[in-house]
Amino acid sequence: MSTAVLSSASAAPPATTSILRRVFSFPVAISSLLSVLACLTVRGRFDDPDMWWHLKLGEIVFTTHHIPLFDTFSFTAYHHPTVPHEWLAQLSIFIAYHLGGYSGLMLWLCLTSSAILIAGYALCSLYSANAKVSFAGALLIWLFATIGFSVRPQMIGYLFLIAELLILYFGRTRSPRWFYALPPLFAFWVNCHGSFSLGLLLAVILLFSSFLSFHVGLLEARHWQSASRRALAFSLALSVPALLLNPTGFRLVLYPFHALGEITVVVSAVSEWQPLSIADTRGLALFAVVAAIVLLVIVRRTPLYLDELLFLAAGTYLACSHRRLLFAFGILVAPIFCRLLADTWDKYIPERDRPVPNLVLILPSLLVCWFAFPSPANLAAQVQAGSPATAVNFIHSHNLTGNMLNDWTSGGYLIWAAPDHPVFIDGRGDPYDETGVTPDFGNWATLQTDPRVLLDKYRISFILLSRDAPMSSVLPLMPQWKLVYSDRQSVIFQRVTVAN
């Protein structure tokens, strides 16, 4: 064997050492820190009112092996057609509960939150080619994602959004064959969350930008090779029939556009559906980030690409229209922000990595995640504090019967915990909008009509409300209604009859 070959063999690091350097690398250490951040953020977020009806729908799919297409939870919109636009994600939520109860649900939330931050960090690292600066991008995603970190299907939807952006990046920079991962992605995505519509819009924007080539001031459009453009166009063409692989076909594909365009007065009163306010901390952060991007482009004379500008405009418009879409804004803006800052810090060089300091970060991070995970007792306490659990026990123990009127936020928990008492309304919104229940309830709850009209129209026998609801102060003044239960968060009124 020649001396050169021997020298080369002796210089090559052992395979085990190379694997260890990857396992205990700087990006892995950053990912462990992001996991800690995710766990500490969501450990007290086990009180989302919509979690419960998502859980119930997942249970139905799991136990009956069919996807509900009609409402069976309310007496006001009973058997009205519904669009099962999140059934696959809801199934995953119930499987987590089936395997681990409340702890299983919290584990689902911790894992999806961590996956979003880590995948977002990977996206920023690839797009900016700087794994150090990209930590700031992951923190941006975290800041805006705190608007929606909860046990809800949107977590899977936004994870798919990051996956799409990774596919689009690899398709542009490595091989056009990556674009053919889009149709199967959309086939799953359309059954999990309505954010697939945003993903489709982004792919169309990128395809449009690929035809243009110009350099106007600091705005630049990059012309693609025809092979890459054809691959993206063909994959988008295949994505359309892939979207139809769902229980209701075009109805589900069109659902997100219908939902955003038909938001009622009552739904718009829910904070997450309201327009973004400058007084909101995240609103200030949004405008600060957009201003920072503009200043970086001007001061550093770094070009902004056309597709980036369109992504930024779409994300900003959606977030300003509805606060809940700040989640998507953070995912879209973080890679752009990191690219503009890429040369402000020296780049990560794997050969110079130091596994021991990284290990010092990774191991404590795992321990923090372990000890920060809430106990079953803590989760049960969160349920008690965030839902009318004690009031439901009263309904069962006192055998209250007849039609129940409940407020918007308690409907989800009632669907899960009191299935033998059909609800008046809940967070799903759609069946109540289409049957006229939502405006009836909105006028009643905001004291815009005679409260007796709704109570008689729907033959209400008892009412479960939040203690601070305006009607909770009005009902004691009505002779036909009697307060029969009260705690720190809920009140129950019962109609007074001769029998009572």
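Just one residue in the set Ile298, Ile362 is surrounded by fewer than 13 Cβ atoms within 10 Å (Cβ to Cβ), touching a residue at least 60 places away in the same chain (Cβ under 8 Å) and farther than 30 Å from Ala418 by Cβ; that residue is Ile298. In the set Ile156, Ile167, Ile118, only one residue is part of a helix (DSSP H, G or I), open to solvent by 10 Å² or more (accessible area, probe 1.4 Å) and touching a Ser or Thr at 6+ places or on another chain (Cβ under 6 Å); that residue is Ile118.
Within region 256-278, can you find the residues that are closer than 25 Å to Asp407 by Cα and modelled with pLDDT of 70 or more? Steps first, answer last, please.
If we filter region 256-278 for residues that are closer than 25 Å to Asp407 by Cα, which is where we start, we get 256, 258-276.
Answer for region 256-278, where residues must be closer than 25 Å to Asp407 by Cα and modelled with pLDDT of 70 or more: Pro256, His258, Ala259, Ser271, Glu272, Trp273, Gln274, Pro275, Leu276.
Scoring Ile425 on the criteria (1) open to solvent by less than 10 Å² (accessible area, probe 1.4 Å); (2) over 30 Å from Gly44 (Cα atoms); (3) among the aliphatic types (A, V, I, L, M); (4) assigned to a loop (DSSP other than H, G, I, E, B) leaves a single failure, condition (2).
Quick one: which residue in Ile147, Ile162 is buried (at least 19 other Cβ atoms within 10 Å of the Cβ), in a helix (DSSP H, G or I) and of a type outside the set (Asp, Glu)?
Numbers: Ile147 fails: in a helix (DSSP H, G or I).
That would be Ile162, the only listed residue that is buried (at least 19 other Cβ atoms within 10 Å of the Cβ), in a helix (DSSP H, G or I) and of a type outside the set (Asp, Glu).
Within region 477-495, the set of residues being surrounded by 13 or more Cβ atoms within 10 Å (Cβ to Cβ) and not aliphatic (A, V, I, L, M) comprises Gln480, Trp481, Lys482, Tyr485, Ser486, Asp487, Gln489, Ser490, Phe493, Gln494, Arg495.
Yes/no per residue for (1) closer than 30 Å to His223 by Cα; (2) touching a Phe, Trp or Tyr at 6+ places or on another chain (Cβ under 6 Å); (3) among the hydrophobic types (A, V, I, L, M, F, W, C):
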residue: Pro303; (1), (2), (3): yes, no, no
residue: Leu306; (1), (2), (3): yes, no, yes
residue: Leu312; (1), (2), (3): yes, no, yes
residue: Ala319; (1), (2), (3): yes, yes, yes
residue: Arg324; (1), (2), (3): no, no, no
residue: Leu332; (1), (2), (3): yes, yes, yes
residue: Ile336; (1), (2), (3): yes, no, yes
residue: Asp343; (1), (2), (3): yes, no, no
residue: Ala385; (1), (2), (3): no, no, yes
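Among the residues making up region 428-445, those that are within 29 Å of the chain's Cα centre (by Cα) and either surrounded by 18 or more Cβ atoms within 10 Å (Cβ to Cβ) or in a loop (DSSP other than H, G, I, E, B) (or both) are Arg428, Gly429, Asp430, Pro431, Tyr432, Asp433, Gly436, Val437, Thr438, Phe441, Gly442, Ala445. In summary, helices (runs of 4 or more DSSP H) completely within region 300-382 and bearing 2 or more residues that are under 22 Å from the mean Cα position of the chain (by Cα) and small (Gly, Ala, Ser) occur at 306-321, 326-340. Restricted to region 37-47, and to residues there that are open to solvent by 20 Å² or more (accessible area, probe 1.4 Å) and at pLDDT 90 or above, the residue that is nearest to Ile425 (Cα to Cα) is Arg45.
Listed by first and then second residue, the pairs linking a residue in region 94-120 that is of a type in the set (S, T, N, Q) to a residue that is open to solvent by 20 Å² or more (accessible area, probe 1.4 Å) and in a helix (DSSP H, G or I), with Cβ atoms under 8 Å apart and 6 or more places separating them unless they lie on different chains, are Ser103/Pro376; Thr112/Ile156; Thr112/Leu159; Ser113/Thr41; Ser114/Ser35.
The values are calculated or read from the model by the stated rules, or taken from the named source; none is laboratory data. From a predicted model like this one, the values you see are computed outputs, not experimental measurements. A quick note on method: Cβ atoms are made from the backbone with ideal geometry, for glycine too, and the neighbour counts reach across all protein chains shown. The area values use the complete protein model at the heavy-atom level, side chains included, leaving out ligands, DNA and RNA. Shrake-Rupley method; radii C 1.70, N 1.55, O 1.52, S 1.80 Å.
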